[in-house]
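Undergrad: First the structure, then my questions, so here it is.
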Amino acid sequence: MFHIIINVLDILVLAVIFYGIIVIIKGTKTIQIVAGILFILVLTVIADVLHLKTLSWILGKFWLAAVIIFAVIFQAEIRNVLARIGQLWGSKGQIKNSYVTEIVEAVENLSASMVGGLIAIENEVGLKNFTETGIVLNANISKELLLSIFKNKSAPLHDGAVIVFNEKISAAGCLLPLSHDTDVKIFGTRHRAALGLSEVTDAVVIVVSEETGQISVAYKGKLHGKMSISEFKDVMDTNGKIWD
């Protein structure tokens, strides 16, 4: 009886792990790569069964180097999975409603003024490595400070991202990783940076387009564009969770 329980538990754990991986890669190009790997695996089995020596030898060499190949191909996904696991012990950022209002009003002002902006709100996955690429402020969140950062186009902080954690603007002028998603090429660098950060963390990343004034929000690898102010307020009230 004990062995049956252990076996069932073993299967359940594996099922949860595989389900989590599928959820993370669903809708991305990674799923196509996985399909390709499964095809090669089937081809390997067929080659062994039919004793196709040359094909078996070539595929055998491929599987010997598979660990390194997979580590290179799936490096972003591996980081994402490990970060999700780390969320179990991470500290979640919290923002008071008064500070949410400050951010919403600043974004609304930037949108109306057609001034570009990029704001990342830290959640459970830490953004310290990105904070260190900018200027540390550790300042209270205020509409005036956000507008002074982004509206002064000659200032060095204008083009970077503002990172918010808890009730503080941690840093400004930060560099974020750019997404390699080809569908985002129609947007500017800010949108690619927002999506890039959302692909490797659970941050809620707000973008205001300098060309159109449109508001977009990137969250968990998806970019939600052309948002109205009311839609944006809903996102801020739930800290991005409306898409979970």
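Coordinate-derived values only; no laboratory data. Worth saying up front: this structure is predicted, and the values here are computed from it rather than measured. Here the Cβ is made from the backbone with ideal geometry for all residues, glycine too, and neighbour counts use every protein chain on show.
Undergrad: Among the listed pairs Lys128/Lys220; Lys168/Lys233; Lys153/Lys220; Lys128/Lys168, which are separated by more than 25 Å between their Cα atoms?
TA: Values: Lys128/Lys220 18 Å; Lys168/Lys233 19 Å; Lys153/Lys220 29 Å; Lys128/Lys168 13 Å.
In this structure, Lys153/Lys220 exceed 25 Å between Cα atoms.
Undergrad: Could you tell me which trypsin sites (Lys or Arg not before Pro) in region 112-196 are loop residues by DSSP with no more than 15 other beta carbons within 10 angstrom of their beta carbon?
TA: Values: sites: Lys128, Lys143, Lys151, Lys153, Lys168, Lys185, Arg190, Arg192; in loops: Lys153.
Within region 112-196, the qualifying trypsin sites (Lys or Arg not before Pro) (loop, at most 15 other Cβ atoms within 10 Å) are Lys153.
Undergrad: If the cut-off is a Cα-Cα distance under 19 Å, which aspartates and glutamates reach Lys226, setting aside same-chain residues fewer than 8 apart in sequence?
TA: Once the sequence-local aspartates and glutamates are set aside, what remains near Lys226 is Glu105, Glu108, Asp181, Asp183, Glu210, Glu211, Asp234, Asp237.
Undergrad: Among 194-201, 134-141, 157-164, how do they line up from the highest to the lowest mean number of other beta-carbon atoms within 10 Å? Could you put the intermediate results ahead of the total?
TA: On the way: 194-201: 24.1, 134-141: 15.1, 157-164: 22.6.
The most tightly packed comes first, giving 194-201, 157-164, 134-141.
Undergrad: At R0 = 30 Å, how high is the FRET efficiency between Leu55 and Leu9 if r is their beta carbon distance? Nearest 0.05 is fine. Walk me through the numbers before you get to the answer.
TA: Working: r = 39 Å, r/R0 = 1.30.
About 0.15, to the nearest 0.05.
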